[in-house]
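The values are calculated or read from the model by the stated rules, or taken from the named source; none is laboratory data. What you see is a predicted model; the values in this text were computed from it and never measured. As a convention, Cβ positions derive from the backbone with ideal geometry for all residues, glycine included, and neighbour counts pool all protein chains shown. Please note that ligands, DNA and RNA were not included when accessible areas were found on the heavy atoms of the full protein model with its side chains. Shrake-Rupley method; radii C 1.70, N 1.55, O 1.52, S 1.80 Å.
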There are 2 protein chains.
Amino acid sequence: MFSNFALFSRFTMSIAERKEREKAEMRSLILSAAHHIFKEKGYDGLNIRSIAERIEYSPATIYLYYKDKNEIFYALQYEAAAAKRDHLIPAASIEDPWQRLIEFGRLYVDFGLKHPDWYDLLFLTRAPMEHIENQECWTLGLATHSFFTETVQACVDARYFKSTDTQTIAYTLWCHAHGLVSLFVRERMRMYPPEIREELAKKSFTMMVKMAEGL
Amino acid sequence: MFSNFALFSRFTMSIAERKEREKAEMRSLILSAAHHIFKEKGYDGLNIRSIAERIEYSPATIYLYYKDKNEIFYALQYEAAAAKRDHLIPAASIEDPWQRLIEFGRLYVDFGLKHPDWYDLLFLTRAPMEHIENQECWTLGLATHSFFTETVQACVDARYFKSTDTQTIAYTLWCHAHGLVSLFVRERMRMYPPEIREELAKKSFTMMVKMAEGL
DNA sequence: CACCTCACTAAACAATGTTTAGTAACTTTG
DNA sequence: CAAAGTTACTAAACATTGTTTAGTGAGGTG
């Protein structure tokens with residue numbers, strides 16, 4: 001792809017392009033290492049030196065490709081957001097908005113319970129939230145959230161609820177699902193025996209669906 | 001109080017007692033410093049050296065009174081749990097279980113929004129959860145949680161709901177309240193303009209109460 | 001071929017949790 | 001009361017981790 005072009009412009013572009021490509025490859029290599037370490041050791045076990053060791057470069061090299069650890073964090077958050085979106089995609093094809101909403105919720109909770117570290121990264125890690133609005137991970141998360149509120153809107157439009165306050169309905173449902181997953185992920189359910197926790201979560205989800213039907 | 005006793009048992013107890021008292025005082029001094037720093041700089045700004053500096057002792061001294069930073073963390077969590085319990089106490093005097101439950105929920109959310117750092121410490125900080133069950137802070141939190149489930153049980157007994165599944169009802173309500181506060185505390189509500197966030201939370205709480213009425 | 005740019009690194013710095021070895025004051029004992 | 005023992009405390013060090021600095025050498029340029 002680039003090599004043909006290179007024949008014509010060896011002195012103007014090809015080297016610069018190759019360097020750019022190599023730069024992108026290196027960024028991707030770093031991120032992939034970070035991803036693996038995160039999956040193995042969690043966010044706490046993820047540090048610059050461990051990334052450097054894994055890719056067999058010095059720690060200082062990392063800083064030539066990412067400004068600081070926060071940038072790597074943002075990139076990981078993007079991966080988490082993408083994983084979440086992919087997990088939720090099957091719901092999008094359901095025609096009936098109410099059924100779509102239920103499946104969306106079910107998959108949302110399912111994602112949280114199956115990938116607690118991803119969920120944690122997205123919604124529970126304190127980490128850098130300063131200029132998160134400018135980050136791709138936020139944009140992606142926002143898109144998924146929009147899909148959710150649009151589905152709620154579709155339910156409202158189709159008169160599935162008596163209430164027409166789409167915003168509050170959507171927010172309330174989100175609060176429940178998020179609270180449910182959060183208590184799981186951060187282990188604040190220890191008053192319940194471990195073997196009933198997942199069952200309780202499912203029962204609660206079902207109950208919330210029933211409650212929403214009466215809205 | 002002790003001094004009289006000391007006249008009789010100078011060689012057996014008084015010195016040991018005074019030392020014990022001094023030890024307790026020192027622990028309390030350290031904790032109080034930690035408390036202040038936590039309130040001013042948050043958990044991230046809280047470190048052993050800053051505590052040591054505030055009480056004008058060397059950092060190593062801290063370790064003579066607390067095994068490690070986790071122990072200080074547990075002690076702070078206890079303070080947070082006590083603050084939460086105190087905040088919720090007014091609800092306890094309400095006779096009608098349904099009104100008591102509503103007020104309990106309102107105060108719970110109110111506590112979270114007014115003291116995000118305390119709430120964070122109790123429910124969102126990753127920190128050490130290994131042997132938390134043996135810690136006083138957990139016992140206290142459990143007591144508050146029991147008060148909550150007992151109130152739900154009272155509502156069930158008084159036939160305020162059609163459902164009799166106390167556990168699931170309580171858990172569902174908790175999920176919503178916890179999710180609501182968590183999204184606030186960890187700043188995941190940036191898709192809503194700041195000025196409507198608190199209003200939205202209140203509307204959602206009201207909506208949840210209405211939904212619960214139909215349970 | 002001399003120059004230069006740039007990717008990379010060793011080493012250091014800073015912050016923070018924690019341990020060690022020692023000192024000085026206090027307590028007990030003869 | 002003096003010697004011996006115990007204890008509270010500390011300076012200094014060590015370990016970990018994020019980040020910066022000063023350089024080095026290999027590859028590209030004129």
**Message:** Among (1) at the interface with chain A (Cβ under 7 Å from one of its Cβ atoms); (2) closer than 15 Å to A:ARG188 by Cβ, there is one condition B:GLY112 misses while meeting the rest; what is its number?
**Reply:** (1)
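Would you be able to tell me the number of residues in region A:34-68 that are more than 13 Å from DNA strand D (Cβ to nearest atom) and hydrophobic (A, V, I, L, M, F, W, C)? Talk me through it step by step, then tell me what you get.
So the first thing to find is which residues in region A:34-68 are more than 13 Å from DNA strand D (Cβ to nearest atom), and the list is A:35-36, A:39-40, A:55-56.
Adding the requirement that they be hydrophobic (A, V, I, L, M, F, W, C) leaves A:55.
Going through region A:34-68 one residue at a time, the tally reaches 1.
Report, by residue number, each residue of region B:32-49 that is assigned to a helix (DSSP H, G or I) and open to solvent by 30 Å² or more (accessible area, probe 1.4 Å).
Quick first cut of region B:32-49, residues assigned to a helix (DSSP H, G or I) only: B:32-41, B:48-49.
Passing the criteria: B:SER32, B:HIS35, B:HIS36, B:LYS39, B:GLU40, B:LYS41, B:ARG49.
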**Prompt:** Of all residues in region B:118-145, how many are away from chain A (no Cβ under 11 Å), buried (at least 18 other Cβ atoms within 10 Å of the Cβ) and charged (D, E, K, R)?
**Reply:** 0
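Return the only residue of B:THR151, B:THR172 being buried (at least 16 other Cβ atoms within 10 Å of the Cβ), more than 10 Å from chain A (Cβ to nearest Cβ) and closer than 27 Å to A:MET207 by Cβ. Give the steps one after another, and end with the answer.
On the way: B:THR172 fails: more than 10 Å from chain A (Cβ to nearest Cβ).
B:THR151 is the lone residue from the list that is buried (at least 16 other Cβ atoms within 10 Å of the Cβ), more than 10 Å from chain A (Cβ to nearest Cβ) and closer than 27 Å to A:MET207 by Cβ.
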**Asked** Within region B:159-178, can one find any residue that is in contact with a Phe, Trp or Tyr (Cβ under 6 Å, 6 or more places away or on another chain), among the polar types (S, T, N, Q) and modelled with pLDDT under 95?
**Response** no
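Filter region A:71-90 for residues that are in contact (Cβ under 8 Å) with a residue 24 or more places away in the chain and farther than 17 Å from A:LYS114 by Cα; which is most open to solvent (accessible area, probe 1.4 Å)? Give the derivation first.
Let us first name the residues in region A:71-90 that are in contact (Cβ under 8 Å) with a residue 24 or more places away in the chain, namely A:72-85, A:87-88.
Now narrow it down to the ones that are farther than 17 Å from A:LYS114 by Cα: A:72-76, A:78.
Details: A:ILE72: 6, A:PHE73: 4, A:TYR74: 25, A:ALA75: 23, A:LEU76: 1, A:TYR78: 87 Å².
Filtering region A:71-90 for residues that are in contact (Cβ under 8 Å) with a residue 24 or more places away in the chain and farther than 17 Å from A:LYS114 by Cα, the one most open to solvent (accessible area, probe 1.4 Å) comes out as A:TYR78.
Given the residues B:SER182, B:SER163, which is the only one that is closer than 21 Å to A:LEU200 by Cβ and under 24 Å from the mean Cα position of the chain (by Cα)? Before the answer, list the steps.
Numbers: B:SER163 fails: under 24 Å from the mean Cα position of the chain (by Cα).
Only one candidate qualifies: B:SER182.
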**Message:** The conditions are (1) open to solvent by less than 50 Å² (accessible area, probe 1.4 Å); (2) under 19 Å from A:ARG100 (Cβ atoms); (3) polar (S, T, N, Q), and A:GLN167 fails exactly one of them. Which is it?
**Reply:** (1)
**Request:** Return the pairs, sorted by first residue and then second, in which the second residue is in a helix (DSSP H, G or I) and open to solvent by 100 Å² or more (accessible area, probe 1.4 Å), the first residue lies in region A:19-34 and is closer than 14 Å to A:ALA75 by Cα and in contact (Cβ under 8 Å) with a residue 24 or more places away in the chain, the beta carbons are less than 9 Å apart, and the residues are 6+ apart or on different chains.
**Result:** A:ALA34/A:ARG54
**Request:** Would you check if A:THR164 is part of a helix (DSSP H, G or I) and hydroxyl-bearing (Ser, Thr, Tyr)?
**Result:** no
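Looking for something part of a loop (DSSP other than H, G, I, E, B) and either small (Gly, Ala, Ser) or within 9 Å of chain A (Cβ to nearest Cβ) (or both) - is there at least one such residue anywhere in region B:196-213?
Going residue by residue through region B:196-213, those that are part of a loop (DSSP other than H, G, I, E, B) are none.
Looking for residues that are part of a loop (DSSP other than H, G, I, E, B) and either small (Gly, Ala, Ser) or within 9 Å of chain A (Cβ to nearest Cβ) (or both), one finds none in region B:196-213, hence no.
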